[in-house]
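One structure is given here, and the rest of the page talks about it.
Throughout, read-outs are computed from the coordinates displayed, never taken from laboratory work. Please read all numbers here as calculations on a predicted model, not as lab measurements. In this analysis, Cβ positions are derived from the backbone assuming ideal geometry, glycine residues included, and neighbour counts consider all displayed protein chains.
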Amino acid sequence: MAATDADRYAALSVESADVRPQETAWQRVRRNLSVRIGGVVLVLLLAVAALAPWLGTVDPTMFDAGSRDLPPGAKGEMLTLDGEVIKHRFHFGSDSLGRDIYSRVIYGTRVSLFVGVVAALVSLLLGVFCGLTAGYLRWLDGILMRVMDGIMAIPAILIAIALVAMWRASLVTVIIAIAIPEIPRVARLVRSLVLTIREEPYVEAATSLGTPTWKIMLGHILPNTIAPLVVMGTFIAASAILIEAILSFLGVGLPPDIPTWGNIMAEGRIAFVQFPHNIFIPGIFLTITVLAVNILGDGLRDTLDPKMAKRI
Amino acid sequence: MSDADTPVLEVRNLTVALPVDGDRRNAVSGVSFTVMRGEIVCLVGESGSGKSVIAQAIMGLLPKTLPVASGEVLLEGEDVTKVPTERLRQLRCASMSMIFQEPMTALNPVMTCGEQIDEVLREHTALSPAERRAKTIDILTEVVLPDPERIVGSYPHQLSGGQRQRIMIAMALVLEPALLIADEPTTALDVTTQAQILELVRDLQLRRGMGVLFITHDFGVVADVAHRVAVLRLGRLVEMGDKNTVLKHPQHEYTIMLIGAVPTLNPHGRAVAADAPLVLETRRLAKTYSDGGWFSRRGEVHAADDVTLEIRRGQTLGIVGESGSGKSTVARCIVRLIDPTRGEIRIHGEDIARKPLGALRDLRRKVQIVFQDPYRSLNPRRTVGEAVIEGPLNYGLPRAEALERARKLMELVRMDPAVLERYPHQFSGGQRQRICIARALAMEPELLVADEAVSALDVSVQAQVLALLEEIRERFNLAMLFITHDLRVAAQVCDRVAVMSGGRVVEYGEANEVFLRPTHEYTRALFAAAPGRDFVFGGG
């Protein structure tokens, strides 16, 4: 009797109804229009950065006194340091030192994307470390988070300027200077996630299975913070690209001979009224890049965080 | 000229579509039923049966993703699925009203209760402020709220759950609608509060002669309030009829199964061996929470106080109580997920209440816990297999052996060993709870704590999981601590019962004694409030 009862329950119970497989997060992400648009633009920019030497560019640091302040599309000649003369078409014109703006903008893509991605990774790494520690070790929480509050109280750009001023301006300095002000935000996000996730029954279950604390943090809690962190990472990357441009424009970023969008704009500022393209062209590239990263981040947030998507 | 023969609500062949990627084609398929004036019709079904969708379709509250595909919903002869939004607004509250499951979220937290009732009157009537206030006080008196003058100015958070539900009912009934839809109105309430609300609904319905569509999953509640019953399964109406006919002589196989799965309130009456070795003993166990920080006065809450219990090998001790009674606190102290404030917890005579967390390796192995919420008890990013072998791996079992053990356990909990490769989101609630049980058993514990382990499950699934727990207890001669708010479930599984209230054990003894001859006043009140207690379900 008992066995037939059980079989009957199993057959009739709502549990035996078909459960249609749900889409995985990755499938949802791939279908999202924002992710597609942002992703395609970013892939194009990455391709431009990677293929810079083969896109009809010349050495972006090379200057030629004879071809200064050319308008976009002008044809001219450039004299290399080896004494060779090459014919070159200045698609975006040239600056006041006779450098090819097209080449500088294309090579500048490399710097911008690199700074954006690496700064985001550095601040995520350090922020996750601080956030996990603060969220799980309660005695460290107060100290760590007050330090984070302190960093947040100083304007990000000021920290960056101070750090760059303290050390020699180089790529590493700039990346660190951009990453540090972002750490508190990541730490706060991770800490709040840890505080909710550590109360989840599956974490308590792991505790009662005798899993050591560090394994719980790395094996149960960290993997469940990935989705919001990916979203956060894209927004940090976008702001890092902007801040790098700002630092360069203010002359406290990378040295002026390195082709970055900020440097090109800073150089073009003097002759802005006569040759506005010196600022507009790198400005447009900067806008498109930041927009693409932000659209990608928006799409990721909508798909990875369904609660957020419903609220909008 | 209204008499009992005119239907207030007539649902004809209602079909509500699901989005194309849904679990099935239609949320509700071809459902027809009527609610007469002065009649309570219960819509019963397990989760996913479409009972709430029907309620939303009647009120015109369906989300755009769930369109009414065909059929009619006639409210006093008017098809509400086709009327314009403006007309629907007039009908709501005036002709049909709805009360919801969770009164805290259904009320606006920043408006006083008086203002919220007043809003209904302001929108639908041309009464003056003084008349509206008088009417508000009247309706609050009618739903038996103490001191209506004070309640009018209270915010929802200042009231208890039962009082909030009364406010919801007052708001729904203030315009004397012909139809009241109650969507699981007592599911979030404690059993004693539930009994009072059910009585109120019955009372008001009699006095006003309105039709009530009462949606519930609980057959005890059905037995208490219904005149007629409609049983839904996966969006289809499988059986409809008079309460006594359906509950005592069910025709459809599904109804027979559901009613057979409802546990009875009579204890199982299994003999209890008094000389089995003690596994767990607590002595005057207490847990006190203190709040307040640097600047505020410290307040203390005694979540559990003076709890003395014991469990012997092969026996099940039930802790029964309402929310806030401290039953889960005791369970979590015993598993040492929280630290007890005072008292002893002896596992095989060894006191573990004071041991530092690092020295609990032995305890973790001997005591395992199964939680209430099957959807949150498994890490969504780990496969079922990883979850089940996590414990044994922590205790140094080689991976291959742990996996072998996991495969055997899957068979024990009646699941295909192949599921070890899959992720938790591919399983239903009952299956997940089986996985959680397998995970606990992988540690080969001596004491299994089940903290409301079947409370979130549908009645048919609950019956299966209870049977599984019983089988496991017998097979491994386990000691089991079973925490529940459901007296029917407690009667089925427990050998001994402790009734908790306000953090204290008010009655403790053999299940047969406690259930048949309760001595404490609170226990008696609790048993008296159990829905459908005198009703004999038949057919099983």
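Counting Cβ atoms of other protein chains within 10 Å of each residue's Cβ and taking the mean over peptide A:99-112 gives 0. Only the Cβ atoms of Lys and Arg (+1) and of Asp and Glu (-1) were treated as charged; on that basis the dipole of the stretch B:313-377 about its Cα centre amounts to roughly 240 debye. Other protein chain C-beta atoms within 10 Å of residue C-beta, averaged over B:365-377: 3. In this structure, the amide hydrogen of B:VAL28, modeled 1.01 Å from its nitrogen in the peptide plane, lies closer than 5 angstrom to those of B:VAL16, counting only residues at least 5 positions away or on a different chain. Restricting attention to chain B, the count of lysine pairs at 8 or more positions apart or across chains with alpha carbons under 23 Å apart stands at 12. The string of couplings for the stretch A:78-86 from the Karplus curve (6.51, -1.76, 1.60, θ = phi - 60°) is 10, 9, 7, 5, 7, x, 8, 9, 10 Hz, one whole number per residue in order, with x for Gly and Pro. Toward the positive end of the charge dipole of chain A, with +1 on the Cβ of Lys and Arg and -1 on the Cβ of Asp and Glu, the farthest Cα among A:GLY135, A:PRO255, A:ALA271 is that of A:GLY135. Relative to the longest principal axis of the Cα atoms of chain B, the long axis of helix B:161-173 makes an angle of roughly 20 degrees.
Where the centre of each part is set by its Cα atoms, how far does the stretch B:312-340 sit from the stretch A:20-98, in angstrom? Taking the Cα centre of the stretch A:20-98 as reference, the centre of the stretch B:312-340 is 67 Å away. 3J(HN,Hα) couplings calculated from phi for the stretch B:275-284 with the Karplus curve 6.51 cos²θ - 1.76 cosθ + 1.60 (θ = phi - 60°) are, in sequence order, 10, 5, x, 6, 9, 10, 9, 10, 10, 6 Hz; Gly and Pro show x.
Along the charge dipole of the protein assembly as shown, pointing to its positive end and built from +1/-1 on Cβ of Lys, Arg, Asp and Glu, which listed residue (B:ASN108, B:GLY299, B:LEU173) has its Cα farthest out? It is B:GLY299, whose Cα lies furthest towards the positive end. Counting 0.36 nm for each residue step from A:LEU46 to A:LEU218 and taking away their Cα separation leaves a gain of 58.7 nm.
If R0 is 56 Å, the Cβ-Cβ spacing of A:LEU121 and B:THR105 corresponds to a FRET efficiency of close to 0.85. Here the contact order of the stretch B:79-227, divided by its residue count and restricted to Cα pairs under 8 Å and six or more residues apart, works out to 31 percent. Largest mean-square fluctuation among A:VAL85, A:VAL174, A:VAL43, in a Gaussian network model of chain A whose springs join Cα atoms under 10 Å apart, belongs to A:VAL85. With both residues required to sit in the protein assembly as shown, DSSP beta bridges show an antiparallel share near 55%. Taking R0 as 22 Å, what's the FRET efficiency between A:HIS277 and A:GLU77 from their Cβ-Cβ distance, rounded to 0.05? About 0.60, to the nearest 0.05. Close amide-amide hydrogen proximity is noted between B:VAL144 and no other residue 5 or more places distant or on a separate chain, at a cut-off under 5 Å (H modeled in the peptide plane; Pro and chain starts excluded). Once both axes come from the Cα atoms, what is the angle between helix B:85-94 and the longest principal axis of chain B, in degrees from 0 to 90, rounded to 10? Approximately 70 degrees, to the nearest ten.
Residues whose amide H falls under 5 Å from that of B:ILE40, counting only those 5 or more places apart or on a different chain, are B:VAL212, B:HIS227, B:ARG228, with hydrogens built in the peptide plane. Computed packing ranks the peptides B:487-498, B:55-66 as B:487-498, B:55-66, most packed first, by mean other Cβ atoms within 10 Å. Normalising the average separation of contacting C-alpha pairs (under 8 angstrom, six or more residues apart) by the number of residues puts the relative contact order of chain A at 23 percent. Using the Cβ-Cβ distance between B:ASN244 and B:GLU176 with R0 = 30 Å, the FRET efficiency computed as 1/(1 + (r/R0)^6) comes to roughly 0.50. The residue among B:MET257, B:GLY235, B:LEU285 whose Cα reaches farthest toward the positive pole of the charge dipole of the stretch B:220-306, with charges on the beta-carbon of Lys, Arg, Asp and Glu, is B:GLY235.
For the pair B:THR187 and B:LEU357, label points projected 7 Å from Cα toward Cβ lie 3.5 nm apart. Per-residue extension of 0.36 nm, minus the Cα-Cα distance of B:TYR289 and B:GLU78, leaves a gain of 70.3 nm for this segment. On a 0 to 90° scale, report how tilted helix B:113-124 is relative to the longest principal axis of chain B, with both axes built from alpha carbons and the result rounded to the nearest 10. That helix lies at roughly 30 degrees to the long axis. Taking the stretch B:226-250 and a reference point 7 angstrom along Cα→Cβ of B:ARG25, the backbone N atoms nearer than 17 Å belong to B:234-237. Kindly point out which whole DSSP H helices in chain A project their C-alpha atoms 24 angstrom or further along the helix axis while averaging a Kyte-Doolittle hydropathy of 1.6 or above. Both cut-offs are met by A:33-50, A:171-197, A:226-250. Taking Cα centre as origin and charging only the Cβ of basic (Lys, Arg, +1) and acidic (Asp, Glu, -1) residues, the dipole magnitude of chain B rounds to 1360 debye. Phi-derived couplings, Karplus 6.51 cos²θ - 1.76 cosθ + 1.60 at θ = phi - 60°, listed residue by residue for the stretch B:337-343: 7, 10, 8, x, 7, 9, x Hz, with x used for Gly and Pro. Site pair B:ARG517 and A:VAL85 shows an inter-label distance of 12.0 nm when each label is modelled 7 Å from Cα along Cα→Cβ. Here the label points at B:ARG89 and B:ALA126, each 7 Å from Cα along the C-beta direction, are separated by 1.8 nm in the simple model. The charge dipole of the stretch A:98-237, taken about its Cα centre with unit charges on the Cβ of Lys, Arg, Asp and Glu (plus for the first two, minus for the last two), comes to roughly 380 debye.
Summary value for chain B: 16 percent relative contact order, contacts being C-alpha pairs under 8 angstrom separated by 6+ residues.
Subtract the Cα-Cα distance of B:ASP138 and B:ARG270 from 0.36 nm times their separation in residues, and report this length gain in nm to one decimal. Contour length minus the Cα-Cα distance gives 42.2 nm.
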